[in-house]
């Protein structure tokens with residue numbers, strides 16, 4: 001890999017990348033996360049006194065994507081065209097997926113990752129009273145398209 005880290009100047013100081021000469025284009029990114037929940041926690045989800053944990057987490061993920069540049073120091077604020085966060089109950093937890101689209105001069109990978117991460121953290125927050133040992137795993141970029149670096153699709157590694 002011949003790429004160099006772009007968020008540093010010649011003196012090694014952190015910097016925001018200058019994207020002023022880049023052309024706006026459609027850019028998409030998708031990310032995922034997994035929250036491991038014990039069977040008792042999964043069974044209790046419908047009765048959560050704080051509300052529907054999965055709906056609250058979905059909304060938190062959408063809101064977080066829109067605030068990514070406030071959270072990650074070198075991220076550019078971007079006009080987001082679409083943010084979607086989905087939650088799927090599985091036998092051992094919650095699978096979270098996010099998709100973010102923009103027409104801008106830089107990509108939305110961080111927005112997709114932040115959406116999935118904050119949605120996962122919100123599931124934890126909504127369920128922690130039942131189990132402090134909830135685990136958040138596998139926060140990953142699944143796909144990105146657009147921009148100078150082109151397309152990327154995650155290849156699942158065999159375990």
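The values are calculated or read from the model by the stated rules, or taken from the named source; none is laboratory data. Small disclaimer: the values here were computed from a predicted structure and weren't measured. Note that each Cβ is placed from the backbone with ideal geometry, even for glycine, and that neighbours are counted across all protein chains shown.
From the residues in the range 136-158 that are surrounded by fewer than 10 Cβ atoms within 10 Å (Cβ to Cβ) and free of Cβ contacts under 8 Å to residues at least 24 places away in the same chain, which one is nearest to residue 107 (Cα to Cα)? So, considering only residues that are surrounded by fewer than 10 Cβ atoms within 10 Å (Cβ to Cβ) and free of Cβ contacts under 8 Å to residues at least 24 places away in the same chain, the one nearest to residue 107 (Cα to Cα) is 150.
If you go through the range 105-129 and keep only what is assigned to a loop (DSSP other than H, G, I, E, B) and either modelled with pLDDT of 95 or more or more than 23 Å from residue 52 (Cβ to Cβ) (or both), you end up with 105, 106, 107, 108. Residues that are exposed (fewer than 13 other Cβ atoms within 10 Å of the Cβ) and assigned to a loop (DSSP other than H, G, I, E, B) within the range 29-72 comprise 49, 50, 51, listed in sequence order. Residue 102 meets each of the listed conditions (1) part of a helix (DSSP H, G or I); (2) surrounded by 21 or more Cβ atoms within 10 Å (Cβ to Cβ); (3) touching a residue at least 60 places away in the same chain (Cβ under 8 Å) apart from (1).
Return yes or no: is residue 95 in contact (Cβ under 8 Å) with a residue 60 or more places away in the chain, within 11 Å of the chain's Cα centre (by Cα) and either within 25 Å of residue 138 (Cβ to Cβ) or outside any strand (DSSP E or B) (or both)? When the stated conditions are applied, residue 95 does not pass them. As for the range 73-80, it holds at least one residue that is modelled with pLDDT of 95 or more, assigned to a strand (DSSP E or B) and touching a strand residue (DSSP E or B) at 6+ places or on another chain (Cβ under 7 Å).
Note on the range 79-89: among residues that are farther than 16 Å from residue 119 by Cα and over 15 Å from the mean Cα position of the chain (by Cα), the one that is surrounded by the fewest Cβ atoms within 10 Å (Cβ to Cβ) is 79.
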